[in-house]
Each structure stands twice: as C-alpha cells, then as structure tokens.
Amino acid sequence: MDRDQLLRETKGGKIKDGPIRCILLSEFHVVAGSKISCQVPENFITKEVFDSIRTYIIPKPQLQRCILTINTLGHKVIGYPVRINHVRYQRNFFYFNLCFVFDSWSRTVQYEAVVKKLSEYLLMMEEEGSFLSNAENNGNISNLLACILRDLNQRHVATIVEGDTTIYLKIGRLKSDPPVVQDHQVPLLCRGFEDTDLDSWDLTTQQVLPFINGINHVARIAAEADVENQLVKSCIQNLVYYGVMQLLPLLKYSNVYMCTRELQKLTRDRSLADECRKYVQLQHAEKVDTVRLPSLFNILQLYSQMTHGVTLRSLCQRLCPRDNNIDERKLVSFGLQHNLIRCINKYPIYTGSIPTPKHKLYTGLNSLDEICCKTGMSPSRIEQEIDMDSNVTVIWKHFNILYNLVVDCACENFSSASQNFS
C-alpha cells in the first residue's frame, strides 16, 4: 500500500487516525531467527501473527534502513529494520527492528518519522553501550517503550532521557495536499503574516511577496516579479499548504457574487464588524484623521444586494460605495476571506459539432477566468464572442476556490448555503 493510498483512506467519509496499539522490539537470534524480544503491552502480537510476518520484520539486507508497513490479520505494523556490523556480535552482525502496531484501518503515514527517529536513537545507544543486545537492559527497554506508548497516545509528544542523551518525539499533524494553483487565482497573505520580515523567507518568496496584494492574479505576479510562472505557482502552493496564504477568485467588475448565511456574523460579532470596517475603507482615508470608518449599515447594504444576476459593476453604479468611504475591491476580498459571500462563475459549453481550438475550452469545466488566462483575451471580448455564437451555452454555478487551509472544515451554515448552487 503506497503513501497516496494511505492518505486517501477513509472511514465513514473521514480520514482515519487510530492510536498506537503496541510497540514491539524484534531481534534476530543466531539460532531461533527473528523473535520478539520486548513488546508493550505484553502478548499483544501473538506468536502466530508474528510468524506470518517475521520475514518482513527482519528482511533481507536490501531493505535495511527503510520504512516498511505490513497490513495483515487485523494489524498494521510499521517498522524500520536496522543491521549493525561489528566483530563483538555472533556472526559479526546484529539485527533489530522497532515496530509500532496499529489497527488495520488506521492511517500511519504521520508515524513514519517517529519510528525512524526512535530507531536511529536505539542504534546510537546500542553502538555506544550495547543497550539492546545486553539482556540486563530488558527491563529498562520495556519501561522505555511503555512510556513512549503512553505519551504518544495521550499527548502526541514524548521525551526520552537515557543517561546524558535526550530525544524528543512528536507526531506531526498531517495535512491534505495543497490545491493546484491556477494562473487566474489571486493569492492573499493570511492574517498575522502581512508584516513578516522578507529576510525570513527563501529567495523566490522574497521576490514574489511584494506583488501579492489580494488583487494581482498568479500570472500577473509572475510577470511583474520576473519569476518563471511554474516557480511562482510552486512557491504559492507551498505557502498555502502551511497556512500562510489563501487563494481567492479573480476580482472582475463583471463578476457576480452572492451573500451566504455567514453574513449574519457581521451583526453578531462586534470584533469581526470592526475588522471589516477598517479593512474595507478607502486607502487614502487612512491619511485623513477626520474621516470616519465606513458604517456597518452601508457595508451590510452592499453585501445584501449581492445576488444572482447582479454584477459588481452594476452594484457600484447603483450604490456608489466610494461615496461612503468603502473600497469595493477590499469589500469583495474581505467577504471571500470570511465566507460572507461567494463568487458565481460563468462556465461556457460548446454544443456544436465541429469545435475550433477555442471551442475545445468550452467544456463546462473551465470558468471564464481560466479561459481568459489560457487565451490571453479579455473577459469582455470572450463574452462578446460567446453572445454571438449560438452553439455556446453559458451556465452559472458556484465553485468554491477559497482554499484556506488554516480552517479545518467549513461551518454548517456555509455548507447549507452552498447547496443552492452545488
């Protein structure tokens, strides 16, 4: 079973994480062969089960110092076999394998680094003082494994102190793979990272960050930063994975937005309302002390008027947000960041029989934003061509491309509102 398959494992529609059921230490005896020298709790892995997998617990030399996962008979065993060559051992070598045992359905990818680190630690202890091969240390080994099992299951961290040596173990939080970054998407730094010193980033990020403002899309950032497009995408994807950045839809005045039930938060959460008022004010207003922040009433009025068939341009023409000290671009950006609104995208579909190269993009899966980036044409020109082509049908639908990996899951109200256009 490969890593990708492990990541996709689900139970009841959710990824499965199970506790460590047992930690065992296996050694190779010159007479008896592979055997369990210590396990916590005792007799968790029976002799019958171990005999069925012993070939993989102490494998051939080609598989030494590699993470091995065995899933059989209701157990999943993950180990890191190690061989030590030295004249003090019989046959001039010593084999051991420290293994973590889980339920067969449990995901174990996040434990691989822990098993490897702990095995390397035991290797060092064995080389320095025969910690594993000396039978007098069996009691200490058993207590050590019991402590590790308890701490990792309860606190996901463990500290081992043996003589002058200390080792720290921690089970890392496993995240899903970040989304593929598209040319038309707009990256935006998450709250708390806006004022981070550029010197703390890698060279590519230092070149890219000055052009990330919540308005520029990926293709434009690559052009203005003079960095290869694919390199910019990889950089942004990495920042999204670590929760430093999120991706928003491309802001266009021809876009249609709809408010969600999360809009109620603005009336119930005073801190969110104050944050919104400060965020959406016009940039030049910050320089004038006498200018007040936009009123919550005007902000809610704009958000509530966002509905199907109403473009951002028509909304601005009718309500004139700048007259009320509101930057409509920041208003949209804030709404998307906090799930107050969602973008309704156009998806053209070609229904004719002989498509042109451009028509091949009209599959119903490519939004107008994607088509603009791929063809280099303006949205207005593409829309004009679509209107004149009777073989092209346009559907409007919602596709949530706000990938904020800081948040673990969408709230129930947002999910209910999203069903309207799912």
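Being more than 21 Å from Asn71 (Cα to Cα), surrounded by 14 or more Cβ atoms within 10 Å (Cβ to Cβ), at pLDDT 90 or above and not hydroxyl-bearing (Ser, Thr, Tyr) is the requirement here; does Asp151 meet it? Here the answer is yes, as Asp151 does meet what is asked.
Only one entry of Val240, Val232 meets the criterion of being open to solvent by less than 10 Å² (accessible area, probe 1.4 Å), without any contact (Cβ under 8 Å) to a residue 60 or more places away in the chain and part of a helix (DSSP H, G or I), and that entry is Val232. Among the residues of the stretch 102-117, those identified as open to solvent by less than 40 Å² (accessible area, probe 1.4 Å) and either under 20 Å from the mean Cα position of the chain (by Cα) or of a type in the set (Phe, Trp, Tyr) (or both) are Phe102, Ser106, Arg107, Thr108, Val109, Gln110, Tyr111, Glu112. If you take the residues of the stretch 167-181 that are assigned to a loop (DSSP other than H, G, I, E, B) and open to solvent by 70 Å² or more (accessible area, probe 1.4 Å), which of them is farthest from Pro19 (Cα to Cα)? Ranking the candidates gives Val180 first. Considering (1) among the hydrophobic types (A, V, I, L, M, F, W, C); (2) at pLDDT below 90; (3) closer than 27 Å to Glu48 by Cβ; (4) in contact with a Phe, Trp or Tyr (Cβ under 7 Å, 6 or more places away or on another chain), the lone condition that Ala135 does not fulfil carries the number (4). Screening Tyr253 on (1) under 26 Å from the mean Cα position of the chain (by Cα); (2) under 24 Å from Asn339 (Cα atoms) shows it passes everything except condition (1).
Out of curiosity, is Val232 over 22 Å from the mean Cα position of the chain (by Cα), at pLDDT 90 or above and of a type in the set (Val, Ile, Thr)?
Numbers: over 22 Å from the mean Cα position of the chain (by Cα): no; at pLDDT 90 or above: yes; of a type in the set (Val, Ile, Thr): yes.
Answer is no for this residue.
When Glu120, Glu126 are screened for being open to solvent by less than 40 Å² (accessible area, probe 1.4 Å), of a type in the set (Asp, Glu) and closer than 18 Å to Ser26 by Cβ, only Glu126 passes. If I filter the stretch 202-215 for residues that are acidic (Asp, Glu), open to solvent by 20 Å² or more (accessible area, probe 1.4 Å), part of a loop (DSSP other than H, G, I, E, B) and within 30 Å of Ile141 (Cα to Cα), do I get at least one hit? The answer is no; no qualifying residue exists. The set of residues from the stretch 151-171 being free of Cβ contacts under 8 Å to residues at least 24 places away in the same chain, among the charged types (D, E, K, R) and farther than 18 Å from Glu112 by Cα comprises just one member, Asp164.
Contact map, the stretch 243-267: residues that are under 21 Å from His308 (Cα atoms) paired with residues that are among the acidic types (Asp, Glu), Cβ distance under 6 Å, separation 6+ or inter-chain. Pairs shown: Leu250/Asp369. Each residue in the stretch 18-35 was checked for being outside any loop (DSSP other than H, G, I, E, B) and modelled with pLDDT of 90 or more, and 6 of them qualify.
Against the numbered list (1) in a helix (DSSP H, G or I); (2) in contact (Cβ under 8 Å) with a residue 24 or more places away in the chain; (3) buried (at least 20 other Cβ atoms within 10 Å of the Cβ), Leu144 comes up short only at (2).
Tallying residues that are more than 22 Å from the chain's Cα centre (by Cα) and either closer than 30 Å to Gln237 by Cβ or not in a strand (DSSP E or B) (or both) within the stretch 156-166 yields 2. For the stretch 52-60, state whether one or more residues are in a loop (DSSP other than H, G, I, E, B), more than 29 Å from the chain's Cα centre (by Cα) and touching a residue at least 24 places away in the same chain (Cβ under 8 Å). Yes. Against the numbered list (1) surrounded by 15 or more Cβ atoms within 10 Å (Cβ to Cβ); (2) not basic (Lys, Arg); (3) not in a strand (DSSP E or B), Gly139 comes up short only at (1).
For every residue, the table says whether it meets (1) over 32 Å from the mean Cα position of the chain (by Cα); (2) more than 25 Å from Ser380 (Cα to Cα); (3) part of a helix (DSSP H, G or I).
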| position | (1), (2), (3) |
| --- | --- |
| Asn298 | yes, yes, yes |
| Gln301 | yes, yes, yes |
| Met306 | no, no, no |
| Arg318 | yes, no, yes |
| Arg322 | yes, no, yes |
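Among residues that are more than 16 Å from Asp183 (Cβ to Cβ), among the charged types (D, E, K, R) and modelled with pLDDT under 80, Glu412 is included.
With respect to Glu194, determine if the residue is open to solvent by 20 Å² or more (accessible area, probe 1.4 Å) and in contact with a Phe, Trp or Tyr (Cβ under 9 Å, 6 or more places away or on another chain). In short, no.
Inspection of the stretch 255-275 identifies no residue that is at pLDDT below 90, closer than 30 Å to Ser378 by Cβ and open to solvent by 60 Å² or more (accessible area, probe 1.4 Å).
The values are calculated or read from the model by the stated rules, or taken from the named source; none is laboratory data. For clarity, every value in this text was computed on a predicted model and none was experimentally measured. All Cβ positions, even for glycine, are placed from backbone atoms using ideal geometry, and neighbour counts span all protein chains on display. Only protein heavy atoms, including side chains, enter the accessible area calculation; ligands, DNA and RNA are left aside. Shrake-Rupley method; radii C 1.70, N 1.55, O 1.52, S 1.80 Å.
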